[in-house]
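Notes to accompany the following structure.
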Amino acid sequence: MMKRSSKLWALLLALAMVLSLAACGGNGSSDGKDAPPADSGTPADTGASSEGSDQEATDSDLAYVQGKGTLIVGMTDFAPMDYKDSGSDEWIGFDADMAKAFAESLGVKVEFLELADWDAKSMELDTKAIDVVWNGMTLTDDVKALMSTSEPYCLNGQVVVVPAAKADQYQTVESLSGLAFAVENGSAGAEQLDALGISYTAMQNQAAAVMEVASGASEAAVIDLLMAGAMIGEGTSYPDLTYTVQLNDEEYGVGFRKGSDLTDAFNAFWKEAYAAGTVMEVATTYGVQESVIEQ
Amino acid sequence: MSILEVNHIEKHFGATRVLTDISFSLEQGQALSIIGSSGSGKTTLLRCLNFLERPDHGSIAVKGNVIFDANDPKTQLESEIRKKRLHFGLVFQNFNLFPQYTALQNVTLARELLAKERGGESKESIQQAGEELLVRMGLADRAGHFPHQLSGGQQQRVAIARALALHPDILCFDEPTSALDPELTGEVLRVIRSLAEQKTTMIIVTHEMAFARDVADQVIFMDSGVIVEQGAPGDVIDHPKEERTKQFLSRYAND
Amino acid sequence: MLIPVTLSLLEGMGTTLKLFFLTLLFALPLGLVISFGSMSRFAPLRWLIQTVVWIIRGSPLMIQILIIFYGPGLLFGLPLLPRFTAALVAFVVNYACYFSEIYRGGIQSVPRGQYEAGQVLGMTKPQIFFKVTLLQVIKRIVPPMGNEFITLVKDTSLVRVISVYELIWMGESYIKKGLIWPLFYTAVFYLILSGILTILLNQMEKKLDYFQ
């Protein structure tokens, strides 16, 4: 993701600078507290987002969310964490249900916003289009640099998805070289393949990567273990696929705006909910109890 | 009193001077022909009279009222120009009929718009007057036709009816037959001739020398933006005094 | 399966149609205003408008959508427009610029003599525009406008970059459920819409065929 999104960022910021210069030309630049061009011109994504967050730190993000009465959760359709039963309009899943509980603990309503472009999540946070990214998000260094992240709450790993018929040939990391891979652009799976020096076709999301394998367009995909468990194999939409090698261990966390006091509020909420047994109860409903991290 | 008096008109396009010190007058009911080679400024002169161009110097008076004076901005107000234009009618070389309207609608449109603003005339009477004009032009059976369904000669006759519909004091023709096939010029010239017989005040810019001599009470010969010679057609066309006029006319000797 | 999928796609189609018609509603008149600006005799205004049109036409609509939605928050920390509104603003501005060029071409292709004929008949400028030139302009711009309308139908799918749930989004969401065909099925919806448009535009062209 980093490569592509930083390009997008650079482009956006360059255009934004042109616009802000034009705006200054039009209105005069007397209003000094508006984001000065020097800030918006910082070409690094981390720089730009932390600039925004320093301002957040001064006023309480918690108070902001409670003030407007709604916690907007940015997510994608990602079973078993966030999804809808067919025919239903309600988001459910381990993450969705816990997000509802967290919002309730804050005394606000929850609103789920399905993001088109996972790459845009930090931009969505910084512009307050959403308040939290909560969607089986792997805590990579990039993610930690972009936002304020919670304590990890779930274990995960990246696994290789292949057609079940060929599964025996691909049980080791060594056997993977030369395969045509599909992987979500900028995902943790993509990072693993980068580390192994394996090239791949970048897809918009994990589901698209799986579809690549199912259609024969690619020979293998790398997706989250949690997703693979719910999405492929017998009894799912992809009975002819299976997963073999697990490439790494990783942890899921929740992301807030940089410097937000919501992070602490979340950590406290989670400890309490775990102690009360709520977390395990919900996790069991969605079959992810094995992955939940003990608190 | 002359119906039209043009005094010392001068017009530049950028650095090019196209009209120099143009002065003439026209009496009510008379026809004036302006002849001269292309580029001599005769079309520009007509356009000045119709406020399609604005002279840099000089003045124009109609019925004794100064309607344009280059030195007096009050005579050049955009809101006034519209009204002043109605002293003149202009028939274009290329007809410039409105393609989306029938022959009759072309004739009645402007008058209906004026009536809507000022009140008075009913739509029916405008309609009737339009039909009568088309009858006069010999186009009774073409009222419902669209311009592209008419021949060039018919289109030009509709254009003449359109100009007449507003009862201009002076009707101007800008080479009315130049865009027509030779066999179609006759019908248009006949119409103009009959207008002359009815004592319509007219200014006709034309290349048709024989026609100019027959129909005009007065002829102006222009060259390089100046009036070289003016007078009765018997003088200017048959017995020109100036060398330039003789040269010009000799080119038409075989017509 | 076909019926529930069709129903949920129709929901996305609703958003697509809303964006399509609202874009036309605002961009068609705005484009006319911009075209007058780009033909203005006041040179600085003309340059300004022509530069804006160049920027808007020369840069990807997707970036414009992103800037209009995220820009205020990223640059000034201002609250954002609602997603659909931001998408609509981007579309209206973008399409108004395209329309303005079509209007300009149409207006400039009406012969000078038409204006002059109106002038010497004592018509006002608005009268000349509405009674003489407008219909001739419309006749000339219907074919290129038709192309833009069809392009607009398909461009509406771009708004999903800021999570406006239009037709393609609805189709794509089935991929995660393991169904691929709904995505391809959305093409049928676009075909129906552009088919209806094509028929309407052809009728309009025919209606204007009575003059040349």
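The values are calculated or read from the model by the stated rules, or taken from the named source; none is laboratory data. This structure is a prediction, so every number in the text was calculated from the model and none was measured. Note: ideal-geometry Cβ built from the backbone for every residue, glycine included; neighbour counts use all protein chains shown.
Annotations
- Residue list for region C:55-89, filter: more than 9 Å from chain A (Cβ to nearest Cβ) and in contact (Cβ under 8 Å) with a residue 40 or more places away in the chain: C:Ile56, C:Arg57, C:Leu61, C:Met62, C:Ile65, C:Phe84, C:Ala86, C:Ala87, C:Leu88
To keep it simple, each residue is scored yes or no on (1) over 20 Å from the mean Cα position of the chain (by Cα); (2) at pLDDT 95 or above; (3) more than 26 Å from A:Gln289 (Cβ to Cβ).
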{"position": "A:Pro80", "(1), (2), (3)": "no, no, no"}
{"position": "A:Leu125", "(1), (2), (3)": "no, no, yes"}
{"position": "A:Asp142", "(1), (2), (3)": "no, no, yes"}
{"position": "A:Asp168", "(1), (2), (3)": "yes, no, yes"}
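- Among the residues listed as B:Ala103, B:Ala70, the single one being more than 10 Å from chain C (Cβ to nearest Cβ), surrounded by fewer than 19 Cβ atoms within 10 Å (Cβ to Cβ) and either under 26 Å from B:Gly186 (Cα atoms) or touching a residue at least 12 places away in the same chain (Cβ under 8 Å) (or both): B:Ala70
- Elements of type helices (runs of 4 or more DSSP H) in region A:82-165, at least 1 residues being hydroxyl-bearing (Ser, Thr, Tyr) and either within 14 Å of chain C (Cβ to nearest Cβ) or crowded, with 22+ Cβ neighbours inside 10 Å (or both): A:121-126
- Selection count where residues are touching a helix residue (DSSP H, G or I) at 6+ places or on another chain (Cβ under 8 Å), within 14 Å of chain C (Cβ to nearest Cβ) and farther than 20 Å from A:Glu212 by Cβ, scope region A:230-258: 2
- Flag for A:Met203 being over 19 Å from the mean Cα position of the chain (by Cα) and modelled with pLDDT under 90: no
- For the residues C:Val159, C:Val188, the requirement of being in a helix (DSSP H, G or I) and within 12 Å of chain A (Cβ to nearest Cβ) singles out C:Val159.
- Checklist (1) within 13 Å of another protein chain (Cβ to nearest Cβ); (2) over 30 Å from A:Ser237 (Cα atoms); (3) out of contact with any Phe, Trp or Tyr (no Cβ under 8 Å at 6 or more places or on another chain); (4) surrounded by 17 or more Cβ atoms within 10 Å (Cβ to Cβ) applied to C:Ile168, failing item: (2)
- In this entry, B:Leu97 is excluded by the filter for residues that are away from chain C (no Cβ under 14 Å) and under 30 Å from C:Tyr210 (Cα atoms).
- Residues satisfying the stated conditions in region A:197-228, i.e. away from chain C (no Cβ under 12 Å), without any contact (Cβ under 8 Å) to a residue 60 or more places away in the chain and surrounded by fewer than 20 Cβ atoms within 10 Å (Cβ to Cβ): A:Gly197, A:Ile198, A:Ser199, A:Thr201, A:Gly216, A:Glu219
- A:Gln169 passes every criterion in (1) crowded, with 22+ Cβ neighbours inside 10 Å; (2) in contact with a helix residue (DSSP H, G or I) (Cβ under 8 Å, 6 or more places away or on another chain) apart from (1).
- Some residue of region B:29-47 being crowded, with 20+ Cβ neighbours inside 10 Å, within 14 Å of another protein chain (Cβ to nearest Cβ), farther than 24 Å from B:Lys199 by Cα and not hydroxyl-bearing (Ser, Thr, Tyr): no
- Scope region C:96-137; condition under 28 Å from B:Leu171 (Cα atoms), touching a Gly at 6+ places or on another chain (Cβ under 7 Å) and more than 9 Å from every other protein chain (Cβ to nearest Cβ); matching residues: C:Ile128
- All positions within region C:78-87 that are assigned to a helix (DSSP H, G or I), surrounded by fewer than 23 Cβ atoms within 10 Å (Cβ to Cβ) and either touching a strand residue (DSSP E or B) at 6+ places or on another chain (Cβ under 9 Å) or not aromatic (Phe, Trp, Tyr) (or both): C:Arg83, C:Thr85
- Failed item, numbered, when B:Ala165 is tested on (1) closer than 11 Å to B:Ile35 by Cα; (2) in contact with a Lys or Arg (Cβ under 7 Å, 6 or more places away or on another chain); (3) among the hydrophobic types (A, V, I, L, M, F, W, C): (1)
- Verdict on C:Lys131 being crowded, with 18+ Cβ neighbours inside 10 Å, without any contact (Cβ under 8 Å) to a residue 24 or more places away in the chain and among the basic types (Lys, Arg): yes
- In region C:171-181, the residue that is nearest to A:Gly233 (Cα to Cα) out of those that are at the interface with another protein chain (Cβ under 10 Å from one of its Cβ atoms) and either among the β-branched types (Val, Ile, Thr) or buried (at least 20 other Cβ atoms within 10 Å of the Cβ) (or both) is C:Lys176.
- Filter pass, C:Val92 being among the aliphatic types (A, V, I, L, M), within 13 Å of chain A (Cβ to nearest Cβ) and in contact (Cβ under 8 Å) with a residue 40 or more places away in the chain: no
- Residue match in region C:29-49 (condition: under 12 Å from the mean Cα position of the chain (by Cα), within 14 Å of chain A (Cβ to nearest Cβ), modelled with pLDDT of 95 or more and surrounded by 14 or more Cβ atoms within 10 Å (Cβ to Cβ)): no
- When the strands (runs of 3 or more DSSP E) confined to region B:200-248 are screened for residues that are touching a Cys at 6+ places or on another chain (Cβ under 9 Å), those reaching at least 3 such residues are found at B:202-205.
- Qualifying residue in region B:127-139 (condition: more than 13 Å from the chain's Cα centre (by Cα), among the β-branched types (Val, Ile, Thr) and on the phi < 0 side of the Ramachandran plot): yes
- Considering (1) under 17 Å from the mean Cα position of the chain (by Cα); (2) surrounded by fewer than 16 Cβ atoms within 10 Å (Cβ to Cβ); (3) touching a residue at least 24 places away in the same chain (Cβ under 8 Å), the lone condition that B:Asn96 does not fulfil carries the number (2).
- Residue within region C:95-109 that is assigned to a helix (DSSP H, G or I), more than 17 Å from the chain's Cα centre (by Cα), over 25 Å from A:Ala120 (Cβ atoms) and not polar (S, T, N, Q) present: yes
- Taking the listed residues C:Leu22, C:Leu17, C:Leu61, the one that is within 18 Å of the chain's Cα centre (by Cα), surrounded by 14 or more Cβ atoms within 10 Å (Cβ to Cβ), at pLDDT 95 or above and under 17 Å from C:Val161 (Cβ atoms) is C:Leu61, with no other qualifying.
- Residue in region C:140-149 that is closer than 30 Å to C:Ile3 by Cα and either more than 14 Å from chain A (Cβ to nearest Cβ) or assigned to a helix (DSSP H, G or I) (or both) present: yes
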